[in-house]
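Asks: Below is one structure. I have some questions about it.
The values are calculated or read from the model by the stated rules, or taken from the named source; none is laboratory data. Model, not experiment: these values are computed from the prediction. Note that we place each Cβ from the backbone using ideal geometry, even for glycine, and neighbour counts take in every protein chain shown.
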Amino acid sequence: MAFYVVYIREAHPLDGRSPMGGGNAPIVEDPVDLIERNDVARVCMTRLALEPMPALVDDVDDAVNRAYAAAPDRLYLVARDGTIAYRGGRGPFGFLPEELAEAIEAELGTGGDTFN
Amino acid sequence: MPVVRTTARPLQLVVALAAALSLTACVSSRDDEFMELDPAQDSAWAFLSAKYDADGDGTITAEEYDRPGGDLARVDRNEDGVITVADYAGGPSGGREAQMMRMMRARGMAMTAFQDDEDPSDLKRTELVTAVARLDADASGALDAEEMAGVEPPDVSGQPPMVRRMMAGATPFAALAEVADADADGSLSTDELTTFFDSMDDGDAVWSMRRPKKAPQGPAQGEPAPDFTLTPTAGGDPVTLSSFAGDRPVALIFGSYT
């Protein structure tokens, strides 16, 4: 079983259409290149104590984000055979970790290759 | 080859998913009412002035705003050609947080009220039209409070505190009416609702109001997972999704800091 955070474009950058931040919440300008987005991702993973989980960073062309229609946040499970085992709803309302947990248990319990 | 693999023992799974929850927007560190930012504390101006106000005169000019790829117009909220504290009185969107929250709440209500559950990942124009027709008991072409009285708000019991606070005590009709009832006649026409959702569609179809064939959906269950090769934040070799095929399942948690 592998877990990856895929860090995509900011949902609420300061210079975006729906900026948020201030007080204790992060203020982030929209990264202009991969290096900058990588820096933001590392800060995020540290501040949210997610570091045990590896994070991958989408390039600023947002290619993977668009392929998975992932913004602002979303959960997927890829089965052993490379197909989608679970596609969560769009965040925030569709972002339901317990659904992913059930999908993982189902995938590991029956085994992706059982019916092949 | 990937740098790190985790074994999905139950405890690690719970920890991983609890951590993933904190990636949802604005959940991690807000402990006060989001809508009541003290203008005197607006960090947005403090952030920008520290970074760009080279001569410290309280005004960031176009020359001083030397961000590569940056566009001063995107941060010049009062459109006076420069960035000053006045652009951020009341918070990072220039006092629009409360309105933004109202709009997000209305969107959340509509997602539950109008979608047909075939694809709960977004709301399409056709679903909206169908739902309005279904609820429009007097065939007036618009929905009033009584017609929407039976519509359930979304279940947010499993959502982060910010989302729960945003939805607490709201009803679908009231939440939509306060942002979408353009002519203030106490009813929501299909046109008013469509206009409202179009205004929120920021181009990547987060809540898709486009015709179905144009709306990016993401790969559905059973479809091949789009392959990618991305670099880990921690450095090291790039990770290719398809390298896991035939070996182990991969959970992908998409999100950002804001």
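Asks: What number of residues within region B:129-154 satisfy the criterion of being in a loop (DSSP other than H, G, I, E, B), touching a residue at least 12 places away in the same chain (Cβ under 8 Å) and either of a type outside the set (Gly, Ala, Ser) or in contact with a Pro (Cβ under 7 Å, 6 or more places away or on another chain) (or both)?
Replies: So the first thing to find is which residues in region B:129-154 are in a loop (DSSP other than H, G, I, E, B), and the list is B:136-141, B:145-154.
Of the ones still in play, those that are also touching a residue at least 12 places away in the same chain (Cβ under 8 Å) are B:140-141, B:145, B:147-149, B:151-154.
Filter again for either of a type outside the set (Gly, Ala, Ser) or in contact with a Pro (Cβ under 7 Å, 6 or more places away or on another chain) (or both), leaving B:147-148, B:151-154.
Selection size over region B:129-154: 6.
Asks: For region B:229-258, how many residues meet the condition of being at the interface with another protein chain (Cβ under 7 Å from one of its Cβ atoms), over 25 Å from the mean Cα position of the chain (by Cα) and hydroxyl-bearing (Ser, Thr, Tyr)?
Replies: 2
Asks: Going by what's in this entry, would residue A:53 be described as of a type outside the set (Val, Ile, Thr), in contact (Cβ under 8 Å) with a residue 24 or more places away in the chain and in a loop (DSSP other than H, G, I, E, B)?
Replies: Considered against the rule, which asks whether it is of a type outside the set (Val, Ile, Thr), in contact (Cβ under 8 Å) with a residue 24 or more places away in the chain and in a loop (DSSP other than H, G, I, E, B), residue A:53 comes out as yes.
Asks: Hey, can you tell me all the residues within region A:1-31 that are more than 7 Å from chain B (Cβ to nearest Cβ) and either more than 20 Å from residue B:88 (Cα to Cα) or part of a strand (DSSP E or B) (or both)?
Replies: A:31
Asks: What residue, among those in region B:235-249 that are touching a Lys or Arg at 6+ places or on another chain (Cβ under 9 Å) and surrounded by 15 or more Cβ atoms within 10 Å (Cβ to Cβ), is nearest to residue A:101 (Cα to Cα)? Give the steps one after another, and end with the answer.
Replies: Kept after step one, since they are touching a Lys or Arg at 6+ places or on another chain (Cβ under 9 Å), are these residues of region B:235-249: B:244-249.
Next cut, surrounded by 15 or more Cβ atoms within 10 Å (Cβ to Cβ) only: B:244-245, B:248-249.
Working: B:244: 19, B:245: 20, B:248: 15, B:249: 12 Å.
Per the criteria, the residue is B:249.
Asks: Six or more apart or on different chains, Cβ atoms under 9 Å: show the pairs whose first residue is in region B:158-184 and at negative phi and whose second is assigned to a helix (DSSP H, G or I) and of a type in the set (Val, Ile, Thr).
Replies: B:172/B:112; B:180/B:195; B:182/B:195
Asks: Can you pull out every residue in region A:32-50 that is touching a residue at least 40 places away in the same chain (Cβ under 8 Å) and outside any helix (DSSP H, G or I)?
Replies: As a first pass, look at region A:32-50 and keep what is touching a residue at least 40 places away in the same chain (Cβ under 8 Å): A:45, A:50.
Within region A:32-50, just A:50 meets the criteria.
Asks: Would you say residue B:226 is facing chain A (nearest Cβ under 7 Å) and modelled with pLDDT of 95 or more? Break it down into steps so the answer makes sense when it comes.
Replies: Numbers: facing chain A (nearest Cβ under 7 Å): yes; modelled with pLDDT of 95 or more: yes.
For residue B:226, the condition - facing chain A (nearest Cβ under 7 Å) and modelled with pLDDT of 95 or more - is met.
Asks: Of all residues in region A:90-105, count the ones that are buried (at least 18 other Cβ atoms within 10 Å of the Cβ) and free of Cβ contacts under 8 Å to residues at least 12 places away in the same chain.
Replies: 2
Asks: Something else: Looking only at region B:44-85, filter to residues that are under 20 Å from residue A:25 (Cα atoms) and among the aromatic types (Phe, Trp, Tyr); which one of those is surrounded by the fewest Cβ atoms within 10 Å (Cβ to Cβ)?
Replies: Ranking the candidates gives B:47 first.
Asks: I would also like to ask the following. Mind listing whichever residues of region B:141-171 are closer than 23 Å to residue B:187 by Cα, within 14 Å of another protein chain (Cβ to nearest Cβ) and loosely packed, with under 14 Cβ neighbours inside 10 Å?
Replies: Within region B:141-171, B:152 is the sole residue that qualifies.
Asks: Still on this structure, I have one more. Please state which of the following conditions residue B:56 fails to meet, knowing it meets all the rest: (1) assigned to a loop (DSSP other than H, G, I, E, B); (2) in contact with a strand residue (DSSP E or B) (Cβ under 8 Å, 6 or more places away or on another chain).
Replies: Condition not satisfied by residue B:56: (2).
Asks: Separate question: Quick check on region B:214-258: of everything there that is among the β-branched types (Val, Ile, Thr) and in a loop (DSSP other than H, G, I, E, B), which residue is nearest to residue A:46 (Cα to Cα)?
Replies: Kept after step one, since they are among the β-branched types (Val, Ile, Thr), are these residues of region B:214-258: B:229, B:231, B:233, B:239-240, B:250, B:253, B:258.
Then drop every residue that is not in a loop (DSSP other than H, G, I, E, B), which leaves B:233, B:258.
Working: B:233: 11, B:258: 14 Å.
Among those residues, the one meeting the criterion is B:233.
Asks: Run residue A:80 past the list (1) more than 7 Å from every other protein chain (Cβ to nearest Cβ); (2) touching a helix residue (DSSP H, G or I) at 6+ places or on another chain (Cβ under 8 Å); (3) of a type in the set (D, E, K, R) and report the number of the one that doesn't hold.
Replies: Checking residue A:80 against (1) more than 7 Å from every other protein chain (Cβ to nearest Cβ); (2) touching a helix residue (DSSP H, G or I) at 6+ places or on another chain (Cβ under 8 Å); (3) of a type in the set (D, E, K, R), the one that fails is (1).
Asks: Mind counting the residues in region A:87-103 that are more than 7 Å from every other protein chain (Cβ to nearest Cβ) and in contact with a helix residue (DSSP H, G or I) (Cβ under 7 Å, 6 or more places away or on another chain)?
Replies: Adding up the residues that qualify gives 1.
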